[in-house]
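Shown next, in structure tokens, is the structure this report addresses.
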């Protein structure tokens, strides 16, 4: 019976000096309530659950890391549960439990409230007096010296962090999940997962220095910031990946969401006397928790959303520098291409020191925490300054992805998110056939439109297929046309630089066809390399060698570029040529056909037909 399984008296024993009577008590869930978010704040959903041990009931709060047990529907009113990890706390003289992990005992089902549990008495004396005098009539607690009373109150306000045991120097550790402005004297044991560079700020009130760190334990993660003297003292102490003890005085305040992507309502501010001590035991490190989003699912993610993702490193770009138009500051960046078992790839940009120091080999498994989703020119990702990346992490998702890649992923063809959304606001992509595109030319507006097209290349113009471009990458990539002033001297008017030789870039005109007709497309360097199968410099050298040696390698390469099918993302725009409006179709992105996805689309189309009779009409 469920009643016999419940650990009666467990709630009171949890808050006693001896601790709970059993390590993992069993209780009944008698109420589940969603907690309202504070005005103006956003963050993960929070749940308050009332648990009963038949004798007493108590309010508990589910840690956000354990929200899935509620969101999945496993935990219901009347369920019998086993508490696996929890922390007793006193908040404003009220006893509550923070639940970090629990398990629903499905075999017992759901029941109406068992017994008549009573509220746990917050002020009940742990020990009744042996004799009753006038000062302690009816069992009233006898007066105690003020110092002894303060010590007992302090002990009640500092719960033991059961999943992060203390030491003799730090016997009572506080969980990050339980930190709030109402907690006064506390110590946390946390791993530094991210540390910023020392920054200097200037405003009307003066100037100063600051830095911040992200701190993680088994219950949650929180951002901590140090200013001026505290920043100079603590910045050299913190190292990413190292575990520390952080003790008060340290201010807990509402989190400034503009500067943090962590799912915590609060943040810390180091003070002049905040104690930070490197833990001697670095073995029991809290592990970074991820909430991964598949690369193939990015289409359903809103822009500006912060996510975690994991993928195989397919390409590594060069380090580039861009200049902000607003601040005129230079930023260093590097583009990576990641792919996963959804057979989809995405561009992810890393910045600053991380971009310069990046040295992970190709085909590494990399987990990213805290990347922002963008839809400019298609879905892409950017690692935030407070985010982090881990190469070949020892987690289940990484091992699973490695197994898939070694088995089938190395030969897989990946679709891409680049330029899959409209440049006019990220609307859902529209697929068209050529006959419809040609028909709509008459109604083409001045504003550009975007569509997807599946077609085969049937001809590539080989007259003007590339132009000589500038090789400048500092302070930004140029790619402007250069002019040959004399042999071995190519001048860029934009950069005022002379190069010994140009870097050729494609400007191809393609004739493509599908089952409804043909049309011309214009494509540039990145798309051209996919169509031809080599960069423009190689093809230009091949053409020059043919002219000198009388060979036909160039012609053969252009023929090899035909009779291949692709998914094109195209921008259509009306232009005026010789005073006449003319449509221009430019390839924004190109990807080889993903036959697995194409077969799935066909199977879904077949399912729309009524196969139970001779009709071929779509249902």
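Right, residue 473: surrounded by fewer than 13 Cβ atoms within 10 Å (Cβ to Cβ) and under 21 Å from residue 538 (Cβ atoms) or not? Break it down stepwise before answering.
Working: surrounded by fewer than 13 Cβ atoms within 10 Å (Cβ to Cβ): no; under 21 Å from residue 538 (Cβ atoms): yes.
Criteria not met by residue 473.
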For this session: All but one of (1) farther than 26 Å from residue 333 by Cα; (2) touching a strand residue (DSSP E or B) at 6+ places or on another chain (Cβ under 6 Å); (3) surrounded by fewer than 18 Cβ atoms within 10 Å (Cβ to Cβ); (4) modelled with pLDDT of 90 or more hold for residue 481, so report the exception by its number.
Result: (1)
Exercise. Can you pull out the residues in the stretch 354-377 that are over 17 Å from residue 293 (Cα atoms) and either in contact with a strand residue (DSSP E or B) (Cβ under 8 Å, 6 or more places away or on another chain) or surrounded by 17 or more Cβ atoms within 10 Å (Cβ to Cβ) (or both)?
Worked result: 354, 355, 356, 358, 360, 361, 362, 363, 364, 377
For this session: Could you tell me which of the residues 340, 265, 335 is farther than 18 Å from residue 192 by Cβ, assigned by TED's automatic domain parsing to the domain that holds residue 372 and surrounded by 19 or more Cβ atoms within 10 Å (Cβ to Cβ)?
Result: 340
For this session: For the stretch 224-247, name all the residues that are surrounded by fewer than 19 Cβ atoms within 10 Å (Cβ to Cβ) and over 27 Å from residue 206 (Cβ atoms).
Result: 239, 240, 241, 242, 247
Seminar exercise, completed: In the stretch 517-530, anything surrounded by 14 or more Cβ atoms within 10 Å (Cβ to Cβ) and closer than 16 Å to residue 452 by Cα is listed as 517, 518, 519, 521, 522, 523, 527
For this session: Give the number of residues within the stretch 363-378 that are at pLDDT 85 or above and closer than 30 Å to residue 430 by Cβ.
Result: 4
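Counting just the residues of the stretch 73-92 that are outside any strand (DSSP E or B) and modelled with pLDDT of 80 or more, which one comes out surrounded by the fewest Cβ atoms within 10 Å (Cβ to Cβ)? Working first, answer last.
Our first condition is that a residue be outside any strand (DSSP E or B); within the stretch 73-92, this holds for 73-78, 92.
Now narrow it down to the ones that are modelled with pLDDT of 80 or more: 73-78.
Details: 73: 7, 74: 14, 75: 20, 76: 12, 77: 15, 78: 16.
Restricting to residues being outside any strand (DSSP E or B) and modelled with pLDDT of 80 or more, the top hit is 73.
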Exercise. Mind checking whether some residue in the stretch 443-460 is surrounded by 19 or more Cβ atoms within 10 Å (Cβ to Cβ) and out of contact with any helix residue (DSSP H, G or I) (no Cβ under 9 Å at 6 or more places or on another chain)?
Worked result: yes
Exercise. Has the stretch 550-558 got at least one residue that is touching a helix residue (DSSP H, G or I) at 6+ places or on another chain (Cβ under 7 Å), modelled with pLDDT of 90 or more and buried (at least 16 other Cβ atoms within 10 Å of the Cβ)?
Worked result: yes
Problem set entry | Checking residue 543 against (1) in contact with a helix residue (DSSP H, G or I) (Cβ under 6 Å, 6 or more places away or on another chain); (2) at pLDDT 90 or above; (3) within 22 Å of residue 437 (Cβ to Cβ), the condition it does not meet | (3)
For this session: Filter the stretch 461-470 for residues that are free of Cβ contacts under 8 Å to residues at least 40 places away in the same chain and surrounded by 13 or more Cβ atoms within 10 Å (Cβ to Cβ) and give the result.
Result: 468, 469, 470
Seminar exercise, completed: The lone condition residue 494 fails out of (1) surrounded by fewer than 15 Cβ atoms within 10 Å (Cβ to Cβ); (2) under 40 Å from the mean Cα position of the chain (by Cα); (3) modelled with pLDDT of 90 or more is (3)
For this session: Look at residue 70 and say whether it is closer than 24 Å to residue 291 by Cβ, assigned to a helix (DSSP H, G or I) and either modelled with pLDDT under 85 or assigned by TED's automatic domain parsing to the domain that holds residue 8 (or both).
Result: yes
Seminar exercise, completed: Listed by range, strands (runs of 3 or more DSSP E) wholly within the stretch 176-252 having at least 1 residues that are touching a strand residue (DSSP E or B) at 6+ places or on another chain (Cβ under 6 Å) and over 26 Å from residue 265 (Cβ atoms) are 199-203, 206-216
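The values are calculated or read from the model by the stated rules, or taken from the named source; none is laboratory data. Because the structure is a prediction, the values reported are computed rather than measured. Glycine gets a Cβ as well: all are built from the backbone with ideal geometry, and neighbour counts include every protein chain shown.
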